[in-house]
Every structure is written in C-alpha cells, then in structure tokens.
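Okay, structure first, notes after.
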C-alpha cells in the first residue's frame with residue numbers, strides 16, 4: 001500500500017504545484033525561484049505535445065500513446081504489488097506512475113502539460129520540466145540500472 005501512496009503523493013504534489021503556477025499571471029514568468037540563488041527559474045509553459053512540443057499537431061496520438069504506456073505499467077505494477085520482494089521494482093514503478101499520472105491528467109483535462117521549472121546549469125537551461133517529468137525520468141533510469149545490475153553474470 002505504501003507504493004500506491006507514494007505514486008498518489010507524487011501525482012498530487014505535481015498537480016498542486018501546476019495549479020498554483022496556472023493561477024498566476026503569465027507576465028510574472030519567467031522568474032527566479034526564491035531561495036534557489038539563481039539556480040532554478042520558474043516558468044508557466046503549456047506543452048500540447050510530447051517533449052519539446054513534438055507531435056503537438058496530433059493531439060489524439062499525444063493522449064493515446066501515454067495512456068497505453070501508463071496502462072501497461074499499471075498492469076505490471078498490479079502484478080508485482082502483491083508479491084513479496086521486488087522492492088526496487090515497486091519503488092521505480094510507483095515513482096514513474098506518480099509522474100505519469102500527473103502528466104496524463106494534464107493531457108486529458110487541460111489538453112496540455114504544464115511545465116514550470118528549469119535548472120540553470122549547462123544544457124538544462126533550455127529545458128522546462130515539471131515534477132512529473134523528473135519522476136518519470138528517475139523511475140525509468142533507476143529501473144534500467146536495476147535491470148542492468150541484475151543482468152551481470154555473478155548476479156544470476
């Protein structure tokens with residue numbers, strides 16, 4: 001149950017921040033996040049497509065593909081959730097699903113994903129994220145790392 005709670009918490013946190021960003025006047029962006037010493041910039045970006053606005057002219061595909069992937073991941077999550085062990089798999093899926101749920105909500109309700117911060121470091125300055133994006137990336141990266149480590153011969 002803790003993993004479902006984690007996914008719900010992450011989705012709710014991201015949606016709450018998105019709602020607060022959306023309620024602010026667009027002309028108040030971009031601006032520095034207070035206390036970040038210039039390392040994080042806040043934005044109010046509306047992305048109707050995939051990453052970097054790709055496929056924005058195909059809204060049905062932009063909604064359908066993530067829904068299919070989300071559904072498949074939910075199926076895997078439901079399969080391993082009652083099993084003993086699989087702690088890392090459950091954790092990575094919970095984090096990924098939490099982020100995906102938030103962005104999926106945006107795609108279906110708002111018809112765009114709200115992206116709201118950028119990290120002012122090297123090439124990351126050009127990318128505007130939301131917490132959902134970070135969760136999806138972190139969950140997928142951790143799952144890849146777990147699977148790679150487990151595939152080493154001495155772990156078999």
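Restricting 4, 61 to those that are under 20 Å from the mean Cα position of the chain (by Cα), surrounded by 13 or more Cβ atoms within 10 Å (Cβ to Cβ) and either part of a helix (DSSP H, G or I) or modelled with pLDDT of 95 or more (or both) reduces the list to 4. When residue 56 is tested against (1) in a helix (DSSP H, G or I); (2) surrounded by fewer than 17 Cβ atoms within 10 Å (Cβ to Cβ), just one condition goes unmet, and that condition is (1). With respect to (1) touching a helix residue (DSSP H, G or I) at 6+ places or on another chain (Cβ under 7 Å); (2) part of a helix (DSSP H, G or I); (3) over 16 Å from residue 135 (Cα atoms), the lone exception for residue 97 is condition (3).
Looking at region 128-142, can you tell me whether even one residue there is on the phi < 0 side of the Ramachandran plot and in a loop (DSSP other than H, G, I, E, B)? Yes, region 128-142 contains a residue that is on the phi < 0 side of the Ramachandran plot and in a loop (DSSP other than H, G, I, E, B). Scanning region 100-120 for residues that are assigned to a helix (DSSP H, G or I) and within 11 Å of the chain's Cα centre (by Cα) returns 100, 101, 102, 103, 104.
Of all the residues in region 31-44, those that are outside any strand (DSSP E or B), touching a strand residue (DSSP E or B) at 6+ places or on another chain (Cβ under 6 Å) and either over 21 Å from residue 121 (Cβ atoms) or without any contact (Cβ under 8 Å) to a residue 24 or more places away in the chain (or both) number 0. With the condition kept exactly as written, say whether any residue in region 108-123 is touching a strand residue (DSSP E or B) at 6+ places or on another chain (Cβ under 6 Å) and farther than 26 Å from residue 35 by Cβ. Scanning region 108-123, I find at least one residue that is touching a strand residue (DSSP E or B) at 6+ places or on another chain (Cβ under 6 Å) and farther than 26 Å from residue 35 by Cβ, so the answer is yes. Determine if region 117-127 includes at least one residue that is buried (at least 22 other Cβ atoms within 10 Å of the Cβ), touching a helix residue (DSSP H, G or I) at 6+ places or on another chain (Cβ under 7 Å) and modelled with pLDDT of 95 or more. No: zero hits.
The values are calculated or read from the model by the stated rules, or taken from the named source; none is laboratory data. Values in this document were obtained by computation on a predicted structure and should not be read as measured data. For neighbour counting, all protein chains shown are included, and Cβ atoms are generated from backbone atoms with ideal geometry for every residue, glycine included.
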